[in-house]
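Down below is the structure, laid out as structure tokens.
The values are calculated or read from the model by the stated rules, or taken from the named source; none is laboratory data. Everything quoted here is computed from the prediction, not taken from an experiment. Here the Cβ is made from the backbone with ideal geometry for all residues, glycine too, and neighbour counts use every protein chain on show. Calculation scope for accessible area: heavy atoms of the full protein, side chains included, ligands and nucleic acids excluded. Shrake-Rupley method; radii C 1.70, N 1.55, O 1.52, S 1.80 Å.
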Amino acid sequence: MDSGNRVFRKYVQRLLAGVLDNNTDSGQVLRGAAFSFIILFLGFIATYASQVFLARFSGPYEFGLYAYAWTYATGFASLLPLGFNLAVMKLVPSYSAQSRWSHVKGVLLMTPVLVFAVGLVAGGMGAAGVYLIGASIPPGYVWPLTIAFAITPFLAILTLFHGTGRALGSVGVAFAPKAIGVPLAVIAAAGIWVAAGKPLKAIDIMVFSLAACALFAIVQGRLLHKDLPDNISNAPPAFEVRAWLRISLPLLFASGMQLILNYADIIMIGYFMTPEDVAVYHAAARTAVLISGFLIAVNALAAPSIARLHAEGRMADLQKLISRITHWIFWPSVLATLIALFFGDFVLAVFGAGFAAGSVALSVLAMGQLVNAGAGPVGYLMTMTGHHDASALVFGCSAVLNIILNAVLIPAFGITGAAIATAITMACWNLWFILLVRKRLNINCYVFAAAHYVGIQREKKI
């Protein structure tokens, strides 16, 4: 027994040493992820707090109208950057490595102009569409949806700047404005409104959101350009828009498929059910997303390391990196999932009366997020190693599956059916990616294989 305890202690000590050692790939990723996770954690708290505040002071009906309209705003905003939010993370480092500073400046100057112009046109067309078919839309949705399309140009810019900040290595500037600034500004505006004795309606919340997104789009743009190195800021801009589009547009397809995966459930609940049902499901979905917080944080930092190790042909080191970070993604997610399973009704009750009805949906969504965490950074393993075609196929087929399952299960089982559809789809695309990564890269990317691999490495050293 004592010898077993000694082996276990050595295992834990060496595992922690690898995490804390900045000279290892996993140590660098997890040290960086610590700062990223703090920013994202604060963002999750701010966003979650804003949702709780808005739900409690607006009520299920108005909160449901807001949640439905906000889903449209965030969904379209993920498409309007035309894939540049992902492309800049490849273009800026590539140009920088070649000292092509004029091209870096060109990317930084031109992409916001293109994205905002596309956002204005698309937002105007969306608002016009709501006006034209307004008679067929339930009255409560019309104005929130109209304002949602007015928000999309600014949300699109925030989405682009998120990618730009990551490309420039400015993690705080990349994450904080949208994740922390916008929800806190909405809470402040709504709090003043409620304190003045005015009822909080979905239209009011959308107007506050519009103002917050516009404000922080300007702030984030200034922050990104304020501290640019002289070799970039002093260089004359050079533009290769066609070349940029050849990189960004294929990425747009994957973003579109992920859009469906992320938002089809809420949109279809809004079609089949009431605003109150949308509100309850939105609260459950927002809570379940907290489980994947560490996955998102680590993925944000792991992607460049994955690309670098693959490019250098260091596949054993890549396997070691994936094994370690999958461990550190999964086990915090297990704890969060257990909380959702056993205390979900208490957690959802903070949104107000009636929201605890989403506890079953929360449990199902939590299990789906746990599968997602258990697969580790499997999606980035595909996209960062040049397998974009396979990634697009996986996301495309998964999006179709998600729509079909939602269409069948929501009428039969309500919001629980939507949760089942989302969880099944999440499990399917993660399993598909795991098999593809194993076949194409010979990398084991799921938590139990990761545990086995890390254990073997420790035994060799012990």
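Annotations for the structure displayed:
- Other residues with beta-carbon under 13 Å from the beta-carbon of ALA390 carry, at +1 per Lys or Arg and -1 per Asp or Glu, a net charge of +2.
- Rounded to whole Hz, the Karplus (6.51, -1.76, 1.60) HN-Hα couplings of the range 245-260, x for glycine and proline: 5, 5, 8, 6, 5, x, 5, 4, 4, 4, 5, x, 5, 5, 4, 4
- Couplings 3J(HN,Hα) for the range 355-365, derived from phi with the Karplus relation 6.51 cos²θ - 1.76 cosθ + 1.60 (θ = phi - 60°), are 6, 5, 5, x, 5, 5, 4, 4, 4, 5, 4 Hz, where x marks Gly and Pro.
- Percent of C-alpha pairs per 5 Å bin, the range 164-234, short to long: 3, 16, 21, 18, 13, 10, 8, 6, 3, 2, 0
- Couplings for the range 106-122, taken from phi via the Karplus curve 6.51 cos²θ - 1.76 cosθ + 1.60 with θ = phi - 60°, read x, 4, 5, 8, 7, 4, x, 5, 4, 5, 5, 5, 5, x, 5, 5, 5 Hz in order; Gly and Pro are left as x.
- For the chain, the Cβ-based charge dipole about the Cα centre amounts to some 1240 debye (Lys, Arg positive; Asp, Glu negative; other atoms uncharged).
- Cross-link pairs exceeding 26 Å in C-alpha to C-alpha distance, out of LYS105/LYS320; LYS178/LYS201; LYS226/LYS320; LYS90/LYS226; LYS105/LYS178, comprise LYS105/LYS320; LYS226/LYS320.
- Kirkwood Rh, angstrom, the chain [1 / mean 1/r, Cα pairs]: 23.1 Å
- Based on every Cα atom in the range 191-232, Rg and the maximum pairwise Cα distance Dmax equal 16.6, 53 Å.
- Free of any GluC sites (Glu not before Pro) that DSSP assigns to a loop and that have at most 16 other C-beta atoms within 10 Å, the longest stretch within the chain is 1-239.
- By the Stokes-Einstein formula, at 1.567 mPa s and 4 °C, the range 308-404 with its Kirkwood radius over alpha-carbon pairs has D equal to 81 µm²/s.
- Where the chain is the region considered: accessible area per residue in Å², 1.4 Å probe: 44 Å²
- Contour minus Cα-Cα distance for ASN231 and LEU215 (0.36 nm per residue): 2.9 nm
- Length available on full extension from THR274 to PHE343: 0.36 nm per residue minus the Cα-Cα distance, which gives 22.3 nm.
- Förster-model FRET efficiency, 35 Å R0, LEU435 and MET125, C-beta, rounded to 0.05: 0.30
- Mean residue ellipticity (222 nm) of the chain, computed from DSSP H runs ≥ 4 via -39,500 (n - 2.57), nearest 500: -29500 deg cm²/dmol
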